[in-house]
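Rule-based calculations on the coordinates, nothing more; no lab input. For clarity, every value in this text was computed on a predicted model and none was experimentally measured. Cβ atoms come from the backbone with ideal geometry, glycine included; neighbour counts cover every protein chain shown.
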């Protein structure tokens, strides 16, 4: 049997226990280092005191975003500086080394972050005033936040809102617009003496197909209105932000009405392959003078047609196939204020469809089928044994949408064909 203790004493070999893990001084676990405004990098100096007499150097390894960034070694007093560190997440490990052993490692994680300079009018209570006569102001919602109980402005605000307040000097129509902003804005106008008791006056996301917002309302003299401008929330959950241009204008947008087609109109064609034409007529006025009028015709496939319309602001939409459509009309005046009108209409085929309703033929040979068509249209069912001579069987006005027919004479015919006619 070999005695290790005896053998080592006989040979004069000393076994040293490994050093304990070093302490890391100069940075704390979870610390966030905030860079001053306009500063992009910083230095981090750390030291590991208290090593044993046999330790010859300390090894420091710094990872950034999960990858090794820098490895530094130091003789006593074990002090190193990591220079020019930029924004990111860091993980630092340290260990001692001696001729006969290496200590366990210690570690610490920390962040370096850019300075966040929030807008001065980030909160409702710090809303920036706008001159009573109306003017153009600018701002930014970068690093803006949503306050507790703050509404989701226009139903799509992403939570990076800034505030202005405006006290109307007179009664009259006021239009507020974010035209000139460099991102997709959301605008809301409120009254109320407390943020938790806001009363909506008007709100807007997009104006026509534009990404700026516009609200017009009848202002009451000596009433204070709070204006919130936010960024629209995208489908991926990202809030738009950037430079805001806000205008308060003592004027109304154009007066716009679409006289034809009426909202919800259904245009009937005799076949799914047929198309139809439509003439759009509008009434548009503005005391300051009209700038331009545009339209967009869209379906589930997106925008199908668009254009600019000259006076008298009537135009034809030719060769419209069956489908559901939305027609948007936009009128802008010389001040840049915009009015929009939107209505939906459809082009529907009145051609009926015959289909089996799932009923099994009876022992006598009778069976049942169904006819689907447009409600309110008169249809007639005809039968033939040779596809040449047709006789009228029944006629009806389609009040329910589906007409069920029972064939009682099937046993009399070797075969019989059916068709449905409409006017």
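Laid out as a table, the results:
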quantity: Potential lengthening between residue 117 and residue 396 on full extension [0.36 nm per residue; Cα-Cα distance subtracted]; calculated: 93.1 nm
quantity: Alpha-carbon spread of segment 4-114, three principal axes, descending order, Å; calculated: 67, 24, 19
quantity: Residue 414/residue 271 FRET efficiency (R0 45 Å; Cβ-Cβ; nearest 0.05); calculated: 0.90
quantity: Counting all C-alpha pairs of segment 234-292, share separated by more than 20 Å (%); calculated: 63 percent
quantity: 10 Å binning of all Cα-Cα separations within segment 353-421, expressed as whole percents from 0 upward; calculated: 19, 51, 27, 2
quantity: Cβ-derived FRET efficiency at R0 45 Å, residue 125 paired with residue 83, nearest 0.05; calculated: 0.60
quantity: For the chain, the fraction of alpha-carbon pairs in successive 20 Å shells from zero, as %; calculated: 18, 26, 23, 19, 11, 4, 0
quantity: Calculated FRET value between residue 149 and residue 53, using beta carbons and R₀ = 51 Å, to 0.05; calculated: 0.20
quantity: Extended-chain gain in nm, criterion 0.36 nm per residue less alpha-carbon gap, residue 182 and residue 375; calculated: 64.6 nm
quantity: Estimated inter-spin distance, residue 38 and residue 223, nm [label 7 Å along Cα→Cβ]; calculated: 4.5 nm
quantity: Gain upon complete extension [residue 235, residue 367; 0.36 nm per residue less C-alpha separation]; calculated: 42.3 nm
